[in-house]
Amino acid sequence: MQLTPTNVEFIFDYIEDLCGIALDDTKGYLIEARLGPLVKQLAFKSPMELIEKAKQPSGEAIRKALVEAMTTRETFFFRDSSPFEALQFKALPEMLDGKLKENKRKLRVWSAAASTGQEACSIGIVICEMIPDMHNWDIQILATDISEDALAKARTGIYTKMEMERGLPKQYVSKYFSPVSGGFKITDSIHRLIRFQQLNLLAPFQFPNLFDIIFCRNVAIYFEKKVKIDLFRRMLNLMPLNGTLFVGASESLFDCGTEFRPMQHCKSTFYQPNLLTLPPGTINTTSPTLMRPLTSAPPSQAPSTSFSLRPVK
Ligand SMILES: C[S@@+](CC[C@H](N)C(=O)[O-])C[C@H]1O[C@@H](n2cnc3c(N)ncnc32)[C@H](O)[C@@H]1O
């Protein structure tokens, strides 16, 4: 596959517009490795022809295939373990205390870039461990991803033996999974907490509720710094004052400004809105909820994308 540097730049620019994945010269091999098979499969003559077709209004199916080819969906249960320990033993207990004091038994969680669902299941297990009377609570975990293929697998709730052996503590296997053909299925009491939704994090998003907990792990690492900062700021607008944001082990929000307050638990850092940086009038002093109405969230600076975004149901 002979491509000029201009061709490579053209392809990289389009992939970044489509899903935020920022590629540079060192990633040129990805054109061969990931686009090559797609070019062949869709019977195009070159990656350039594929990109040209993807750009056309009728290129929705090609855009989808391109996203599927370029995204890395690596994930596993309780990835890096320490964020889930911080969730279980610090963030969640403090949050539940506050909610019980206010008699508000409602918990909203977002696993953004959920891939095949192991992250959402791990969060569900932690919640189950920490809230024995879950039936008295209104709990929802929204699991979103740009990849329809990943979400299709996540929706089944079924994981192979090999996937089960990656990160899932042994004591949870029989407690939260049952053997089915092809592997193990997450128990209904957790599966029914999770709603799956295709969503491109680059596109503006709006939800009917705030999220107490957001996991946005191992995706912003692929984005340009300004896209990453914009994304986390938009997420901040969706959190109550005591909301918590978990990012990937190799990601940090130190370069995102002072709006994010780092919190430590053992080896894990998670983030909360920094009250000192919020404009006067945004804090409800009787409740740890931001007074800012959801609809007044500042418009996104994210680049627009032609990838379709279905509205949240
Ligand atoms: C490496 S996986 C991380 C999965 C999980 N959060 C974890 O930490 O194990 C990255 C996921 O981000 C998704 N992704 C990539 N670009 C995205 C975008 N622009 N919007 C939403 N999801 C995206 C990919 O499809 C993939 O499933």
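The values are calculated or read from the model by the stated rules, or taken from the named source; none is laboratory data. Here the structure is a predicted model, which is why all the values come from computation and not from measurement. Cβ placement follows ideal geometry from the backbone for every residue including glycine, while neighbour counts extend to all protein chains displayed.
I'd like to know if segment 105-114 contains one or more residues that are over 23 Å from L231 (Cβ atoms), assigned to a loop (DSSP other than H, G, I, E, B) and within 13 Å of the ligand (Cβ to nearest atom). Checked segment 105-114: no residue is over 23 Å from L231 (Cβ atoms), assigned to a loop (DSSP other than H, G, I, E, B) and within 13 Å of the ligand (Cβ to nearest atom). Summed over segment 230-248, residues that are in contact with a Lys or Arg (Cβ under 8 Å, 6 or more places away or on another chain) and either under 11 Å from L210 (Cβ atoms) or surrounded by fewer than 20 Cβ atoms within 10 Å (Cβ to Cβ) (or both) total 2. The criterion of at least 3 residues that are free of Cβ contacts under 8 Å to residues at least 40 places away in the same chain and either within 16 Å of the ligand (Cβ to nearest atom) or surrounded by fewer than 18 Cβ atoms within 10 Å (Cβ to Cβ) (or both) is met, among helices (runs of 4 or more DSSP H) falling completely within segment 1-96, by 5-19, 36-41, 47-55, 60-70.
Based on this model, can you work out whether A86 counts as assigned by TED's automatic domain parsing to the domain that holds L236 and out of contact with any Asp or Glu (no Cβ under 8 Å at 6 or more places or on another chain)? Yes.
Here segment 157-172 is the region considered, the condition is being of a type outside the set (D, E) and crowded, with 16+ Cβ neighbours inside 10 Å, and the residue that is farthest from the chain's Cα centre (by Cα) is Y172. Search segment 97-112 for residues being under 21 Å from Q264 (Cα atoms) and in contact (Cβ under 8 Å) with a residue 40 or more places away in the chain, and hand back the single one that is nearest to the chain's Cα centre (by Cα). Per the stated criteria, the residue is S111. Only one entry of L30, L23, L3, L92 meets the criterion of being of a type in the set (A, V, I, L, M, F, W, C) and modelled with pLDDT of 95 or more, and that entry is L92.
Scanning segment 145-158 for residues that are within 14 Å of E68 (Cβ to Cβ), assigned to a helix (DSSP H, G or I) and either out of contact with any helix residue (DSSP H, G or I) (no Cβ under 8 Å at 6 or more places or on another chain) or near the ligand (Cβ under 7 Å from one of its atoms) (or both) yields A150, L151, A152, K153. Quick check, is T26 β-branched (V, I, T), in contact with an Asp or Glu (Cβ under 9 Å, 6 or more places away or on another chain) and not assigned by TED's automatic domain parsing to the domain that holds N218? For T26, the condition - β-branched (V, I, T), in contact with an Asp or Glu (Cβ under 9 Å, 6 or more places away or on another chain) and not assigned by TED's automatic domain parsing to the domain that holds N218 - is not met.
Does segment 148-155 include one or more residues that are aliphatic (A, V, I, L, M), assigned by TED's automatic domain parsing to the domain that holds P240, without any contact (Cβ under 8 Å) to a residue 60 or more places away in the chain and surrounded by fewer than 16 Cβ atoms within 10 Å (Cβ to Cβ)? Checking segment 148-155: at least one residue is aliphatic (A, V, I, L, M), assigned by TED's automatic domain parsing to the domain that holds P240, without any contact (Cβ under 8 Å) to a residue 60 or more places away in the chain and surrounded by fewer than 16 Cβ atoms within 10 Å (Cβ to Cβ). Between Q118, Q140, the distinction of being among the polar types (S, T, N, Q) and surrounded by fewer than 18 Cβ atoms within 10 Å (Cβ to Cβ) belongs to Q140 only.
Within segment 115-144, being away from the ligand (no atom under 16 Å from the Cβ) and among the aliphatic types (A, V, I, L, M) holds for I127, M130, I131, M134, I139.
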